[in-house]
1. Is there a residue being in the same structural domain as ALA126 (by TED's automatic domain parsing), part of a helix (DSSP H, G or I) and at pLDDT below 90 anywhere in region 176-199?
2. Just the residues that are aliphatic (A, V, I, L, M), surrounded by fewer than 17 Cβ atoms within 10 Å (Cβ to Cβ) and touching a helix residue (DSSP H, G or I) at 6+ places or on another chain (Cβ under 6 Å), please, taken from region 173-220.
3. Here are some residues: THR118, THR134. Which one is touching a Leu at 6+ places or on another chain (Cβ under 6 Å) and at pLDDT 95 or above?
4. State yes or no: is SER123 closer than 21 Å to TYR185 by Cα, at pLDDT below 95, under 19 Å from the mean Cα position of the chain (by Cα) and hydroxyl-bearing (Ser, Thr, Tyr)?
5. Which numbered condition trips up ASN112, out of (1) without any contact (Cβ under 8 Å) to a residue 12 or more places away in the chain; (2) under 30 Å from ALA233 (Cα atoms); (3) outside any helix (DSSP H, G or I)?
6. Restrict the check to region 219-239 and report whether at least one residue is at pLDDT 85 or above, part of a loop (DSSP other than H, G, I, E, B) and more than 19 Å from LEU125 (Cβ to Cβ).
7. What about SER123, is it small (Gly, Ala, Ser) and touching a strand residue (DSSP E or B) at 6+ places or on another chain (Cβ under 8 Å)?
8. For region 128-172, enumerate the residues that are surrounded by fewer than 16 Cβ atoms within 10 Å (Cβ to Cβ) and part of a helix (DSSP H, G or I).
Amino acid sequence: MFEEKEEFMNSCAVFLDLHYEYNHYLKYFHLLSHKENKLDDFQFYLISQPHIRFLFNNLFLQYTQAFKYIFDDYKFLNNSINLGSSKFKKFPFLLLASGPSLEENIIWLKKNEKRFITIAVSSSLAYLESQDITPDIIIHIDPFEWGITSFEKLHSIDFIKDSLCFFSANTPPNIMSLIDKKNLYLFETGTDYKENSFKPSSPCVGSLAYQLLLIMNVQNIYLLGLDLAVDEASGKTHSGVPSISKKSQTKR
């Protein structure tokens, strides 16, 4: 009651972080001794928590982005594609994600990459460039403009100039403009606008990439870097990133 605003906000943070799962059932009793501004401050902090402040405007922009690409005649992946019955049937596919096992097996990958059709998620591009490994296909699903960092980390965008790009139709224009339109093939995520187009659904790009290959009826799939877990030995979640601290491991 007598705390200054900054101190009061810190108290709110502690209160909300402690047993946050119970805070959906908070009840407020406005006593006469309470100040209106304190209640307003607490309500403001409550709705400003990171996990509940995803703006509707962001969702609207994300789910209407596909219209622009449909009207501009971008190519969409058709769900009738069947790579299992084509000339690709004899080739094994290697899906490269950003888990620790990618870095751990890089020597093997450099020796054997030409034996596969390689598919890489966009977050792995900078590391693959550093190892002079150019993927045949790139998959990107991030609907936010800051997703461009996966491409800005490249020394040269020419590294992927000959790669096919399978991008979500939610991808913002600042990323799409980096890729030659003839190399772009789109699929919908979270929308259902274009008839007979791919509409996969998955919580992460690695799983979605695997799902795409399954939908295309690819018969021979190998995975590298799709760890989906913290590496026990190094403490890493992704290739090329620092290990998590012992403090963080304790919290987990």
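1. Initial filter on region 176-199 (in the same structural domain as ALA126 (by TED's automatic domain parsing)): 176-199.
Within this subset, residues satisfying the condition of being part of a helix (DSSP H, G or I) are 176, 181-183.
Going one step further and asking which of them are at pLDDT below 90, we end up with none.
Scanning region 176-199 turns up no residue that is in the same structural domain as ALA126 (by TED's automatic domain parsing), part of a helix (DSSP H, G or I) and at pLDDT below 90.
2. Residue satisfying the conditions is LEU178 alone.
3. Working: THR134 fails: touching a Leu at 6+ places or on another chain (Cβ under 6 Å).
From the options THR118, THR134, the qualifying one is THR118.
4. Details: closer than 21 Å to TYR185 by Cα: yes; at pLDDT below 95: yes; under 19 Å from the mean Cα position of the chain (by Cα): yes; hydroxyl-bearing (Ser, Thr, Tyr): yes.
Yes: the conditions hold for SER123.
5. With respect to (1) without any contact (Cβ under 8 Å) to a residue 12 or more places away in the chain; (2) under 30 Å from ALA233 (Cα atoms); (3) outside any helix (DSSP H, G or I), ASN112 is out only on (3).
6. The first filter runs over region 219-239 and keeps only residues at pLDDT 85 or above, leaving 219-226.
Retained after the next criterion (residues that are part of a loop (DSSP other than H, G, I, E, B)): 219-220, 225-226.
Applying the additional criterion that residues be more than 19 Å from LEU125 (Cβ to Cβ) yields 219-220.
The answer is yes, given that some residue of region 219-239 is at pLDDT 85 or above, part of a loop (DSSP other than H, G, I, E, B) and more than 19 Å from LEU125 (Cβ to Cβ).
7. Working: small (Gly, Ala, Ser): yes; touching a strand residue (DSSP E or B) at 6+ places or on another chain (Cβ under 8 Å): no.
So SER123 fails the test.
8. Pass one, region 128-172, residues surrounded by fewer than 16 Cβ atoms within 10 Å (Cβ to Cβ): 130-132, 144-146, 149, 152-153, 155-158, 161-162.
Matches in region 128-172: SER130, GLU145, TRP146, THR149, GLU152, ILE157, ASP158.
The values are calculated or read from the model by the stated rules, or taken from the named source; none is laboratory data. Remember, it's a predicted structure, so these values are computed and weren't measured experimentally. Reconstructed Cβ throughout: ideal geometry from the backbone, glycine too, with neighbour counts over all protein chains shown.
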